[in-house]
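The structure appears right after this line, and notes come after that.
The values are calculated or read from the model by the stated rules, or taken from the named source; none is laboratory data. None of the values given here were measured: they were computed from a predicted structure. With ideal geometry, Cβ positions are generated from the backbone for all residues, glycine too; neighbour counts draw on all protein chains shown. Heads up: the accessible areas ignore ligands, DNA and RNA and are worked out on the full protein's heavy atoms, side chains in. Shrake-Rupley method; radii C 1.70, N 1.55, O 1.52, S 1.80 Å.
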Amino acid sequence: MAEKFYVSSDIVFGKDAAKELPGILKEYEAKSVMVVYDSGVKVAGIAEKILEQIEKADVKVTVFDGVIPNPTNEAVEEAAMLARENEIDVFVAVGGGSSIDLTKAVNILMTNPGEIGQYGGMGLVKNQVLPLIAIPTTAGTSSEITNVVALTDTKAVCKYVIIDNKIAANKVIADPEFTKTMPPSVTAATGMDAITHAVESYISNEATALTEYHSLKGLQIFHENLPKVYANGEDMEAREQMMLGCVIAGFGFSNANLGLVHGIAHTLSAHFHLAHGMANAAVLPYVMEYNADSCPEKMVKMAEAIGLSLSGNLQKDQYLLSEELLKLTKQLGIKTLSEQGIENKDFDMLAEDVLKEPVLGFNPKQNITKQDILNILKKAF
């Protein structure tokens, strides 16, 4: 049976990669550029460095620095209005997943009619979008190379995704130096987000030989290097490996999709504004424990790939990965759900909403029940 594997972005990787930006803008014959970032990128001095490079291209520059975590439809519409007013012809997204996702969404509205919410789902973007250059400052979401946008619908109180090959960034400038300013807590949360992408895509029921290769390799890189960068943010070799892992794992999960971990995390973020990576990390070990008996061989293969000692007993070894992930979350100071402000009384509502999440269709274990989700939430509490 034929399998599809989509890769789009042209990547410049390594130290001083941002120096390529003026040439890229000239290549696109850019006249009016919108640069999108959040306050953290500005405070870190990264935005200034990027703007300095853009000035060399002699273009009109419009800045949108109102990016918020878990970007909303309203934020997208606000940025799109600014982009239209300034007749933007090229976008530069600088930051983590929120900045890059918001920019992708704004880009959709530059060439496609209506409101952004109508594009939720797969393959609904009709018209080709404008050139987009993505410059990641975290090693976690892989948004810089995926064909996915995650947004929050504040009216429906849910997170939803837009998946379309047209929206992937055309160019990626990946400089590990830009991740150096991340505090340990953000390094941990974004790194666990990356691990979640690798693990969930590897066991997805949409996985293929090509996606599995990238997902497994990404997991190996993250498991080895995330503790290093958490302990020492100045370890640039490990920082570079983390950013490389995000590119590799991104190729995997943008083709294989994700599962129950993301279904729960989307719901937590929509209702309680939890940081996406922290929400994923809090429930990841327990979802992997839940999924283990549906794909025991794959669970063992992941355990083996990261150097865990196998007993040879499949029924026992299938839980090695979930046990290791729980140890890792404790080592990285990942907060439990209760520490993130979730209360027992919220569980019933959360479980009901998780069951509505489309990503559950890609989870290896199907026929997920409300009680299954409640059990996971209680363990993560």
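Annotations for the structure displayed:
- Residues in region 35-60 that are among the small types (G, A, S) and under 21 Å from A105 (Cα atoms): S39, G40, A47.
- Condition check for I162: crowded, with 18+ Cβ neighbours inside 10 Å and in contact (Cβ under 8 Å) with a residue 60 or more places away in the chain: no
- Of everything listed in (1) open to solvent by 10 Å² or more (accessible area, probe 1.4 Å); (2) more than 24 Å from A174 (Cα to Cα); (3) within 23 Å of the chain's Cα centre (by Cα), the single unmet condition for L82 is (3).
- Some residue of region 253-267 being of a type in the set (A, V, I, L, M, F, W, C), open to solvent by less than 10 Å² (accessible area, probe 1.4 Å) and closer than 27 Å to T181 by Cα: yes
- Applying the set (1) polar (S, T, N, Q); (2) loosely packed, with under 15 Cβ neighbours inside 10 Å; (3) touching a residue at least 60 places away in the same chain (Cβ under 8 Å) to N70 leaves exactly one unmet item: (2).
- Filter result for the condition that a residue is surrounded by fewer than 19 Cβ atoms within 10 Å (Cβ to Cβ) and either farther than 17 Å from H223 by Cα or acidic (D, E) (or both), over Q315, Q331: Q315
- For the residues P22, P69, the requirement of being over 22 Å from the mean Cα position of the chain (by Cα) and farther than 23 Å from I248 by Cα singles out P22.
- Single match in S322, S309 (criterion: out of contact with any Gly (no Cβ under 9 Å at 6 or more places or on another chain) and outside any helix (DSSP H, G or I)): S309
- Each residue in region 291-309 was checked for being within 20 Å of I221 (Cα to Cα) and surrounded by 12 or more Cβ atoms within 10 Å (Cβ to Cβ), and 10 pass.
- Some residue of region 345-359 being in contact (Cβ under 8 Å) with a residue 24 or more places away in the chain, among the aromatic types (F, W, Y) and in a helix (DSSP H, G or I): yes
- Among residues of region 4-60, those that are farther than 22 Å from L102 by Cβ, open to solvent by 100 Å² or more (accessible area, probe 1.4 Å) and in contact with a helix residue (DSSP H, G or I) (Cβ under 7 Å, 6 or more places away or on another chain), counted: 3
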